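Encoded as structure tokens, the structure appears first; notes follow it.
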Amino acid sequence: MRRHTLLAPLVSALLIGIPLEARAQVRNIDWPALARETQQILADYVRVNTTNPPGNELAGARFLKAILDREGIEAQILDTVELGAGRANLYARLKGNGSKKAIALVHHIDVVPAAASYWSVDPYAAVVKDGYLWGRGTLDMKGQGIAHLMAMLAIKRSGATLNRDIVYIANADEELGSTGGIVFVQRHADLLRDVEYLITEGGDNQVDSTGKVQYFGVGVAEKRTFWQRLTVKGIPSHGSRPTPHNPVPRLVAALHKIASYETPLRPTPGVDKFFRDIARLYPEPQRGWLSNISVALKEPRAREWILSDVYWNAILRNTISLTGLTGSDKTNVIPPEATGVVDIRLLPDQDPDEMLALLKRLVADTAVKFETLLAPKTPLENPVDTDLFRAIEKAGVSAEPGAFVTTRMLTAATDRPTYRKLGIITYGLDPFRVPAAESQRGMHGNDERISLGNLDFGVRFLYAILRNVQ
Ligand SMILES: [Zn+2]
């Protein structure tokens, strides 16, 4: 008996070509038990109220550190002085053999406020109901943070050989000022020096109404926010006697010129690939159009169909949305000043100065003053031909047979450019299979929740990615 049990693993290991040493080290993972543990830990994390403002991320960081300490993974609470009272970043590292560069898993501890009266459950009670864990942050993004954590713990407990260290980072303040990520990168670039890859939010999967993934969209790029305020000064007077010095019509004329302007359509290489990838989901003639987007955009019927999708429209061009106006708050008063604010989102390769010059040319009125409210972050575009992308592809296809993996451009902003600035290849990845309607409602909205099946799926998916990328 003893001889057989010793020989059996040796023989099977040789047969399938895995070095005996590596194979012998990996212990089986009890997935159902891990799923229960994940659910419990996420519930406890949701109960740590990290609504921003004020954030209170220090409590979240302490919560995570206690788990990491217990598992024997060295963790540090950082930047408490720089971030202010009650705030912190957390950093931990699971050591590998160092033969390859590290991979980092990053999430934000803070959550947006929840209007409890609009929820069907207490947003911070982490209630389990109808197969879901309900609570603020379950999707954005404590759920992901705990999926990162549990995938890392599963690897540690399995004893698998790690060629890459796994770095675990939790940041403060992503939802408001992004100070957590910014301070972390400024003060601790040394901790990130050997990090080659980084995974955080900013991915977007397409999931059908039955919960089946059509594609996993890896966020490889994002638009750059470039907010402007336009101001016209005038001379205040009474509304009953019109004057040429009323700033309001002058501002309105300027805004009208901007609103009427159509930004050129310009597919970047990543966006071009995205359309080619998803073409398979459509019948002809749409399939043909998407397969060659640049040609299709020159054909009126195809162009109209493509641009009717607000997401597609937004990734094909710089976009300009007029969003705010101020003039007089009294009907009979001509105000001394009128202002408008404009939400501009640039393609990653767009030069902001060129855009500003274009707006000034369009307006053609020196009385209109432009002010940049939010300078654009570092452009975010990442290469796709990488070991991490291939690891995600392999894990995605095996997790959901029939699905494919493609490249998404995010139209909103994340902390990723802050890390990308260090040269780290930074992908947005959503490890869950959340139908669009559900994520639309839950993220920043009411009744945010994650299904327990999804939570389990996310841990396994991330675990597979982390194993594949070694
Ligand atoms: Zn988020």
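The values are calculated or read from the model by the stated rules, or taken from the named source; none is laboratory data. Here the structure is a predicted model, which means the values were calculated and not measured. We place every Cβ from the backbone using ideal geometry, glycine too, and count neighbours over all the protein chains shown. For the accessible areas, the whole protein counts, side chains as well, though only heavy atoms, and no ligand, DNA or RNA atoms are used. Shrake-Rupley method; radii C 1.70, N 1.55, O 1.52, S 1.80 Å.
At q = 0.27 Å⁻¹, what is the log10 ratio I(q)/I(0) for region 229-281, with the Debye formula run over Cα points and no solvent?
-1.01
Mind checking the dipole of region 105-216: about its Cα centre, +1 per Lys or Arg Cβ, -1 per Asp or Glu Cβ, Debye to the nearest 20?
Here region 105-216 has a charge dipole of around 400 debye.
Solvent-accessible area per residue for region 388-449 at a 1.4 Å probe radius, Å²?
Numbers: 2270 Å² over 62 residues.
Accessible surface, normalised per residue, equals 37 Å².
Calculate the dipole size of region 405-470 relative to its Cα centre from +1 charges on Lys and Arg beta carbons and -1 charges on Asp and Glu beta carbons; express the result in debye to the nearest 20.
300
With a/c under 1.5 counting as rounded, go ahead and sort the chain into rounded, prolate or oblate using the C-alpha gyration tensor (a ≥ b ≥ c being the square roots of the eigenvalues; past the cut-off, prolate if a/b is larger than b/c, else oblate). List each step's numbers first, then the result.
Working: a/c = 2.19, a/b = 1.69, b/c = 1.30.
Prolate is the answer for the chain, as a/c is 1.5 or above and a/b outweighs b/c.
Calculate, for Val112 and Ser291, the FRET efficiency according to 1/(1 + (r/R0)^6) with r their C-beta to C-beta distance and R0 25 Å; round to the nearest 0.05.
Working: r = 39 Å, r/R0 = 1.55.
Plugging the Cβ-Cβ distance into 1/(1 + (r/R0)^6) gives 0.05.
Averaged per residue, what accessible area in Å² does region 233-377 show with a 1.4 Å probe, protein chains only?
Numbers: 8230 Å² over 145 residues.
Here the per-residue accessible area is 57 Å².
I need the per residue convex hull volume for region 359-470, using only the alpha carbons, in cubic angstrom as a whole number.
177
Charges at C-beta only: +1 for Lys and Arg, -1 for Asp and Glu. How large is the resulting dipole of the chain about its Cα centre, in Debye rounded to 20?
The calculation lands at about 540 debye.
Could you tell me the center-to-center distance, by alpha carbons, between region 112-157 and region 316-333 in angstrom?
37
Students often check this: by mean Cβ neighbours within 10 Å, which of 182-189, 151-158 ranks highest, and how do the rest follow?
151-158, 182-189
Suppose only helical runs count, i.e. DSSP H with n ≥ 4. What mean residue ellipticity at 222 nm does that imply for the chain under -39500 (n - 2.57) per run, divided by all residues and rounded to the nearest 500 deg cm²/dmol?
Per the formula, -11500 deg cm²/dmol.
Got a number for carbon plus sulfur as a percent of the chain's accessible area, 1.4 Å probe?
Carbon and sulfur together cover 55 percent of it.
In nanometres, what is the gap between the two model label sites at Ser237 and Ala375, each 7 Å from Cα along Cα-to-Cβ?
4.1
Stretched out fully, how many nm does the piece from Tyr261 to Ala189 gain, at 0.36 nm a residue minus the Cα gap? Kindly include the intermediate steps, with their values, before the conclusion.
Working: separation 72, 0.36 × 72 = 25.92 nm, distance 4.20 nm.
Length gained, Tyr261 through Ala189: 21.7 nm.
Quick one: of the DSSP bridges fully inside the chain, what percent are antiparallel, nearest 5?
Among the beta bridges of the chain, antiparallel pairing accounts for roughly 65 percent.
Per residue, how big is the convex hull around the C-alpha atoms of region 47-206? Give it to me in cubic angstrom, could you?
Details: hull volume 21.6 nm³, N = 160.
Output value, Cα hull per residue: 135 Å³.
Which helices of the chain meet both criteria: a Cα extent of 15 Å or more along the helical axis and a mean Kyte-Doolittle score no lower than -0.5, with helices taken as whole DSSP H segments?
Numbers: long enough: 2-15 (20 Å, 0.82); 31-47 (24 Å, -0.34); 57-70 (20 Å, 0.27); 142-158 (24 Å, 0.31); 247-260 (20 Å, 0.74); 352-363 (17 Å, 0.51); 387-399 (18 Å, 0.32); 452-468 (24 Å, 0.57).
Those that pass (Cα extent of 15 Å or more, hydropathy at least -0.5) are 2-15, 31-47, 57-70, 142-158, 247-260, 352-363, 387-399, 452-468.
Using a 10 Å cut-off on Cβ atoms, rank the peptides 42-48, 113-119, 396-402 from the highest mean neighbour count down.
Sorting 42-48, 113-119, 396-402 by mean packing, highest first, produces 42-48, 396-402, 113-119.
Would you list which lysines come within 23 Å of Lys95, measuring only between C-alpha atoms, while excluding same-chain residues fewer than 8 positions from it?
Lys65, Lys156
Give the shape of region 140-223 as rounded, prolate or oblate, defined through the alpha-carbon gyration tensor: a ≥ b ≥ c are the square roots of its eigenvalues, a/c under 1.5 means rounded, and otherwise the shape is prolate if a/b is larger than b/c and oblate if not.
Values: a/c = 1.90, a/b = 1.16, b/c = 1.64.
Since a/c reaches 1.5 but b/c is at least a/b, the shape of region 140-223 is classed as oblate.
Is the shape of region 162-294 rounded, prolate or oblate, going by the alpha carbon gyration tensor and its root eigenvalues a ≥ b ≥ c, with a/c under 1.5 for rounded and a/b larger than b/c for prolate? Show your work: numbers first, answer last.
Values: a/c = 3.09, a/b = 1.43, b/c = 2.16.
Oblate shape, in that a/c is at least 1.5 and b/c is the bigger or equal ratio.
For region 43-98, report the accessible area per residue in Å² (1.4 Å probe, heavy atoms, rounded to an integer).
With all protein chains present, region 43-98 gives 43 Å² per residue.
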